[in-house]
Amino acid sequence: MQLSEGGLEITVETPRDGASEGSGDGVFFNPTMELNRDITVAVLRAYQQREPRVSTYLDAMAASGIRGVRAAAEGYNVTCCDIDRDSAELARENLAHNDLDGEVIQRNVNSLLHEQMFDVVDLDPFGTPIPFADAAFATTRNLVCVTATDTAPLCGAHLNSGKRKYSAIPQNTEYHPEMGLRTLISALVRTAARYDTAAVPICSHVSRHYARTYLELDHRATSADRLLDQLGFVHHCEDCLSRDHEDGLYPQSAPERCPVCDSNRMLTAGPIWLGPVADSEFTKSVREQLSAAMGKQQLAERLLSTVATELDTPTHYDQHRLCKQWGVPANSMDDFLSDLREAGYEASQAHYSGTAFKTEATVAEIRDAAAPEADI
Ligand SMILES: [Zn+2]
């Protein structure tokens, strides 16, 4: 099947009927990732302005090579790697068909990464990126881009798998997309730290099917130490939805009862990433690099605008969940947030869903400031 994306012509094979994604014969291609790839191209443009000497890009799980082809069209010096012979051949054809240079290597990408250094490495596997993370952080110079599609283990819905893959305890809460992203970043930060490297998230976004994060590398052990200080734990009450967090690699005070409502239904998650998931200025510069040739330009603009203006609290609230808790009808998000701001609290939308918002206020403070009146 031929498709056009970002002004390029790409031949792909889609999973056969009945085959689960990524498991059937044929070179895997995921059409729902166009938004992800459009943003990747914008990140590559913005990053080259930030670090002009960056030039080499590795598409580490090339499949059809679509990411590599798009990076090559941006002037990057591209290598596409895939262990599968048909994939490598298709990536080669797609580069040639678009008159783009690029090297295609059929090989285990971990062994390639141990021998060759790249400025930018893009890990876009089906499932967890963890089997490739060590090799990527051990040798990459500037930027590691990571997709994870195993959202159920990441957010705590498949708890044991999450523990095994990410060496953390994620908990399934109403902010599960953010829990997933912060579990992923925590594992990646700890992996990079093994190589005395700080992996700082400069842009991230989550959709129903994946989490995506861009980590800028700082190869100083002291920077890695400082980054580890931003890992920690969230304590969450399943009854009143209040939550608190604490820094550190082990929890000092996992409460057995909720300090607000005295419930014993407390969850402690971590170590998760508690710091910012995006650099606001960089994310704005990425937004400016979106262009009309991109199929998902408008969606990406809205998404990145929200990411750039989100507060840096470690968890978001869900407006509908709170209103249900209070037994009141939900009002518009704009009214709700402006009520919070008028009461003196910082508040922002959050990109995780249309009803997600962030604030420093506690559940009780949110209720006092912004709960709509119940119909009488
Ligand atoms: Zn409680």
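FYI, it's all coordinate maths here, none of it is from the lab. If you're wondering where the values come from, they're calculated on a predicted model, not measured in any experiment. Neighbour counts are summed over all protein chains in view; Cβ atoms, including those assigned to glycine, are modelled from backbone coordinates with ideal geometry.
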Cα pair distances of region 58-215 binned at 5 Å [whole percent]: 2, 10, 19, 20, 18, 15, 10, 5, 2, 0
For peptides 189-202, 59-72, sequence by mean Cβ density within 10 Å, most packed first: 59-72, 189-202
Set of region 166-199 residues, backbone N closer than 20 Å to the point 7 Å along the Cα-Cβ line of Ser223: 185-199
Simple label model, 7 Å out from Cα along Cβ direction - Ser263 to Ala364, nm: 1.6 nm
Exposure proxy ranking, count of Cβ atoms within 10 Å, fewest first, for Leu231, Leu58: Leu231, Leu58
Cross-link partners of Lys296 among lysines (Cα-Cα below 18 Å; sequence separation of 8 or more within a chain): Lys284
Cysteines having no other Cys beta carbon under 4.7 Å from their own, within the chain: Cys80, Cys81, Cys145, Cys155, Cys203, Cys323
The chain: C-alpha gyration tensor shape, a/c 1.5 cut-off, then a/b vs b/c: prolate
Tensor-based shape of region 177-277 (alpha-carbon gyration tensor, a/c under 1.5 rounded, otherwise prolate or oblate): oblate
Lys, Arg +1 and Asp, Glu -1 on Cβ, resulting dipole of region 269-376 about Cα centre, debye, nearest 20: 460 debye
